[in-house]
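In what follows, a structure is listed as structure tokens, so that the remarks can point back to it.
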Amino acid sequence: MAKNKGLLIAVAVVVVAVIVYFSTQQSKVSKTGVGGEIKMGIILGFTGPIESLTPAMAASAELAFKEASDSGSLLGGATISPMRADSTCVDSAAATAAAEGLISGGVAAIMGADCSGVTGAIATNVAVPNGVVMISPSATSPGLTTLDDKGFFFRTAPSDARGGQILADITKDRGISSVAITYTNNDYGKGLADVYEAAVKAHGISVSTVTAHEDGKADYSSEAATLAAAGGDALAVIGYLDQGGKGVIQASLDAGSFDTFIMSDGMIGQSIVDAIGSDLDKSFGSLPGSTGKGAGVFAEVAKTGGIDSSGPYTGESYDAAALIVLAMQAGNSADRASIAKNVMDVANAPGTKIYPGELKKGLDLLAEGKKIDYEGATGVTFTDVGEAEGSFLEKEISGGKFETAKQR
């Protein structure tokens with residue numbers, strides 16, 4: 001009986017040891033994603049006022065995720081499965097619900113959101129409380145700089161605090177002496193309009209009126225009449241190219257009140273040129289972007305992947321996704337807190353510079369315990385609050401499409 005009892009104890013010890021071993025291994029897989037699948041969220045406005053822009057943005061992020069997966073170097077062979085969700089750009093309740101779906105689906109981090117209002121809502125109500133990193137490629141409201149994000153929110157697009165100044169500088173350099181301003185009535189529109197108005201006035205340019213417009217209307221003739229009554233050399237339109245901003249421009253052209261439009265980043269995209277045509281030939285604007293080495297490299301990488309990189313925020317989207325995977329590798333973990341801890345380390349110097357198409361190189365260096373400085377498509381450098389310092393592209397319409405006049 002004593003012998004049998006000893007045998008039973010020995011078997012029990014072995015069984016416990018085996019359970020502990022496999023539990024430990026499962027924990028490692030869960031934590032690091034080694035040899036397994038890591039779910040990643042992409043939340044953008046696939047419907048709504050910028051829906052013509054988001055397919056290329058999402059595809060650019062997915063290109064970076066695929067590059068990391070195909071490298072075989074991410075956390076010892078882990079792969080990423082992107083999960084898309086619709087922010088709508090304008091409906092915070094819908095965006096929050098969509099983000100909650102991603103979180104319940106087990107995503108490690110989120111690339112997005114896009115528009116500033118929904119981005120702030122998702123960060124505050126969903127991502128930060130759940131300890132999930134968000135890296136937005138296009139939310140530019142100055143208000144996001146002071147978001148109480150507990151270190152979980154980043155953006156590869158620079159703040160409108162600088163963007164409004166750049167747009168005002170371009171307005172001055174193009175000889176405009178007076179402007180009327182209309183803005184979409186949300187965080188993005190109001191924040192950028194405030195900065196732009198102050199900056200153009202500082203340049204000695206007179207502002208005849210500043211009025212808000214609502215998105216989703218069928219007719220903008222009354223808004224156009226108000227702006228026409230105020231007058232100006234040009235109309236600055238701070239809004240969205242697939243919504244009210246386009247409506248105000250078309251109504252102003254129909255009334256013959258303005259023929260030159262100053263366009264914010266949310267207004268820049270091929271769909272508005274296709275819709276309105278040559279009447280926009282005198283118009284110009286700006287958006288975040290770069291003409292540096294990384295931009296050229298990304299254009300080739302994107303082309304190979306079947307993506308048109310000329311649209312707004314494609315490079316920023318690739319960079320946001322790339323930073324997530326590099327942060328995972330830096331911490332040797334897909335754990336949400338580890339990703340948050342390592343984003344700044346891979347985004348900024350010191351370290352070997354990493355460009356688009358070089359994610360395997362970056363992943364391998366990090367696996368060796370070496371430092372990297374992710375330059376990416378947009379020359380990524382983060383401020384101490386985790387937002388891009390950024391550069392801007394002056395855009396003008398020529399030959400039926402937006403062309404880059406220069407980098408600012």
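Picking from 144, 167, which residue would you name as being in the same structural domain as residue 54 (by TED's automatic domain parsing) and at pLDDT 95 or above?
Just one listed residue meets the conditions, 144.
Can you name the condition, by its number, that residue 397 falls short on among (1) assigned by TED's automatic domain parsing to the domain that holds residue 119; (2) touching a residue at least 24 places away in the same chain (Cβ under 8 Å); (3) among the aliphatic types (A, V, I, L, M)?
So residue 397 meets the others, but not (1).
Look through 389, 358, 375 and report the one residue that is on the phi < 0 side of the Ramachandran plot and touching a Lys or Arg at 6+ places or on another chain (Cβ under 6 Å).
375
Would you confirm whether any residue within the stretch 95-103 is in contact with a helix residue (DSSP H, G or I) (Cβ under 7 Å, 6 or more places away or on another chain), crowded, with 23+ Cβ neighbours inside 10 Å and farther than 20 Å from residue 344 by Cβ?
Checked the stretch 95-103: at least one residue is in contact with a helix residue (DSSP H, G or I) (Cβ under 7 Å, 6 or more places away or on another chain), crowded, with 23+ Cβ neighbours inside 10 Å and farther than 20 Å from residue 344 by Cβ.
Residue under question is residue 30, and the condition is that it be closer than 20 Å to residue 108 by Cβ, of a type outside the set (Phe, Trp, Tyr) and modelled with pLDDT under 95; does it hold?
Yes; evaluated as a whole, the condition is true for this residue.
Which pairs have Cβ atoms under 7 Å, sit 6 or more apart or on different chains, and link a residue in the stretch 100-126 that is in the same structural domain as residue 150 (by TED's automatic domain parsing) to one that is surrounded by fewer than 22 Cβ atoms within 10 Å (Cβ to Cβ) and part of a strand (DSSP E or B)?
Matching pairs, first to second residue: 102/83; 105/39; 105/83; 106/39; 107/39; 107/83; 108/39.
Is there a residue being closer than 25 Å to residue 388 by Cβ, touching a strand residue (DSSP E or B) at 6+ places or on another chain (Cβ under 8 Å) and either in the same structural domain as residue 114 (by TED's automatic domain parsing) or hydroxyl-bearing (Ser, Thr, Tyr) (or both) anywhere in the stretch 235-257?
Within the stretch 235-257, one or more residues are closer than 25 Å to residue 388 by Cβ, touching a strand residue (DSSP E or B) at 6+ places or on another chain (Cβ under 8 Å) and either in the same structural domain as residue 114 (by TED's automatic domain parsing) or hydroxyl-bearing (Ser, Thr, Tyr) (or both).
Out of all the residues in the stretch 235-244, is one or more part of a helix (DSSP H, G or I), touching a residue at least 24 places away in the same chain (Cβ under 8 Å), more than 23 Å from the chain's Cα centre (by Cα) and within 25 Å of residue 400 (Cα to Cα)?
Checking the stretch 235-244: not a single residue is part of a helix (DSSP H, G or I), touching a residue at least 24 places away in the same chain (Cβ under 8 Å), more than 23 Å from the chain's Cα centre (by Cα) and within 25 Å of residue 400 (Cα to Cα).
Mind checking which residues of the stretch 367-408 are over 23 Å from residue 291 (Cβ atoms), aliphatic (A, V, I, L, M) and assigned to a loop (DSSP other than H, G, I, E, B)?
Listed by number, the list holds a single entry, 385.
Of everything in the stretch 34-53, what is part of a loop (DSSP other than H, G, I, E, B), within 17 Å of residue 113 (Cβ to Cβ) and β-branched (Val, Ile, Thr)? Give them in sequence order.
Answer for the stretch 34-53, where residues must be part of a loop (DSSP other than H, G, I, E, B), within 17 Å of residue 113 (Cβ to Cβ) and β-branched (Val, Ile, Thr): 47, 50.
Given the conditions (1) under 19 Å from the mean Cα position of the chain (by Cα); (2) surrounded by fewer than 18 Cβ atoms within 10 Å (Cβ to Cβ); (3) touching a residue at least 40 places away in the same chain (Cβ under 8 Å), and given that residue 294 satisfies all but one, which numbered condition is not satisfied?
(2)
Can you name the residue in the stretch 247-272 that is under 25 Å from the mean Cα position of the chain (by Cα) and surrounded by fewer than 21 Cβ atoms within 10 Å (Cβ to Cβ) and, of all such residues, is farthest from residue 172 (Cα to Cα)?
In this case the residue turns out to be 271.
Results for (1) touching a residue at least 40 places away in the same chain (Cβ under 8 Å); (2) farther than 19 Å from residue 58 by Cβ, shown as yes or no for each residue.
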position	(1), (2)
98	yes, no
144	yes, yes
157	yes, no
162	yes, yes
173	no, yes
194	no, yes
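Checking the structure you have, find out if any residue of the stretch 349-366 is acidic (Asp, Glu), touching a residue at least 24 places away in the same chain (Cβ under 8 Å) and in a helix (DSSP H, G or I).
yes
Taking the options 56, 139, name whichever one is within 30 Å of residue 360 (Cβ to Cβ) and part of a loop (DSSP other than H, G, I, E, B).
Answer to the selection: 139.
For the stretch 140-160, state whether one or more residues are over 20 Å from residue 343 (Cβ atoms), surrounded by 24 or more Cβ atoms within 10 Å (Cβ to Cβ), touching a Gly at 6+ places or on another chain (Cβ under 7 Å) and of a type in the set (Asp, Glu).
Checked against the condition, which is being over 20 Å from residue 343 (Cβ atoms), surrounded by 24 or more Cβ atoms within 10 Å (Cβ to Cβ), touching a Gly at 6+ places or on another chain (Cβ under 7 Å) and of a type in the set (Asp, Glu), the stretch 140-160 yields at least one hit.
Report whether or not residue 331 is crowded, with 17+ Cβ neighbours inside 10 Å, under 20 Å from residue 314 (Cβ atoms) and small (Gly, Ala, Ser).
It is false that residue 331 is crowded, with 17+ Cβ neighbours inside 10 Å, under 20 Å from residue 314 (Cβ atoms) and small (Gly, Ala, Ser).
The values are calculated or read from the model by the stated rules, or taken from the named source; none is laboratory data. Since the model is a prediction, treat every value here as computed from it, not as a measurement. Reconstructed Cβ throughout: ideal geometry from the backbone, glycine too, with neighbour counts over all protein chains shown.
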